[in-house]
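Computed from the coordinates by the stated procedures, all read-outs in this text should not be read as laboratory data. Everything quoted here is computed from the prediction, not taken from an experiment. Don't worry about glycine lacking a Cβ; one is built from the backbone with ideal geometry, like all the others, and counts go over all protein chains shown.
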Amino acid sequence: MHTELLQELGMSPNEAKIYEALITYGGSTVSTISLRSKVHRRNAYDSVHRLMEKGLIYEVFSEGETTYEAVEPHKLMELVKEKEKRLEGAMPSMQTLFEKHKTPQRAYMYKGVEGMKNYLREALRAGEDMYEFGAKGGWFDPRMATFIEWFLKEARKKHMRFYHIFDHEVKDKMPHIFKAVGTQCKFTHPQYSSESAIEVYGDRVVTFTGLGLGKLEDDLTIFVIVSPKLAESYRTWWQFMWDALPEENSR
């Protein structure tokens, strides 16, 4: 049920099973916890003590065998916020170390949905307008929904603008994306549609393979080239394409 999420929050597999057993069935002895969570009794003792150290369960003393109960789940939110606050405090020094070793020109690659999110976080940090050739609405893959809602909200705060040259199919099959992005866009002719795209922002040129209409393929690959001169050249070529496309196709 929730064990996978609990592990993502930092619990071990056994800790997650035991915590879920306690919130599902209520206070229990270690023997009962072991049976309900399907964690071996010896391992259950260790996990129970670790959960107590994290403040997620507590002992209930009685005349019989000691039982353990879960602290209410809102405690998990407190722990997440505490970690976030600690990370926020460490971020300036970590960013300084990171920037010290960055080279002015470099290339790297991302893969899959999480790679798409990484690239968009970088774009958000840059906070500059974005120009795309061969756009297909891949941002609106259902797996990206929550992230894109946040990304566009933060982009508006930074007054970022998006200029897309979409593949022709997007015009009729995905009209909903234009309002969401608040974009200025044009459309290529049908014979120029592809499974790739190019995005330019700041000092970066980003190329994509494995794009579908409104979706990200499982083999999505994102190549990022950091080069101020190359990015400026691509913006010039983008402008050429934009100017060559007829105004009546604009939205």
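Within the shell of other residues whose beta carbon sits under 11 angstrom from the beta carbon of Ala197, the net charge comes to -3, with Lys and Arg scored +1 and Asp and Glu -1. A straight chain from Gln7 to Ser196 at 0.36 nm per residue would run longer than the Cα-Cα distance by 64.5 nm.
All Cα-Cα distances of segment 1-56, cut into 5 Å bins from zero to the largest, leave 4, 23, 36, 28, 9, 0 percent in each bin in turn. Of the residues Ile23, Ile18, the one with the fewest other Cβ atoms within 10 Å heads the list, and the complete ranking is Ile23, Ile18. All other residues whose Cβ lies under 12 angstrom from that of Gly127 are scored, Lys and Arg at +1 and Asp and Glu at -1, for a net of +2. Counted over all Cα-Cα pairs of the chain, pairs farther apart than 21 Å make up 68 percent. For Lys215, a cut-off of 20 angstrom between C-alpha atoms picks up these lysines, skipping any fewer than 8 places away in its own chain: Lys111, Lys117, Lys136, Lys171, Lys173, Lys179, Lys186.
Secondary-structure-derived ellipticity at 222 nm for the chain, considering helices only, amounts to -15000 deg cm²/dmol, per-run term -39500 (n - 2.57) for DSSP H runs with n ≥ 4. To the nearest ten degrees, helix 41-53 and the longest principal axis of the Cα atoms of the chain are 70 degrees apart.
Over segment 105-249, what number does the Rg to Rh ratio reach, with both radii from the alpha-carbon atoms and Rh per Kirkwood? Across segment 105-249, the Cα-based Rg/Rh ratio is 0.92. Between 0 and 90 degrees, rounded to the nearest ten: what's the tilt of helix 112-126 against the longest Cα principal axis of the chain? The helix 112-126 is inclined about 70 degrees to the chain. Among His2, His164, His74, the order by Cβ neighbours within 10 angstrom, fewest to most, reads His74, His2, His164.
Here the relative contact order of the chain, from alpha carbon pairs under 8 Å that lie six or more residues apart, stands at 16 percent. Cβ-to-Cβ counts within 10 Å put Val80, Val206 in ascending order as Val80, Val206, the fewest first.
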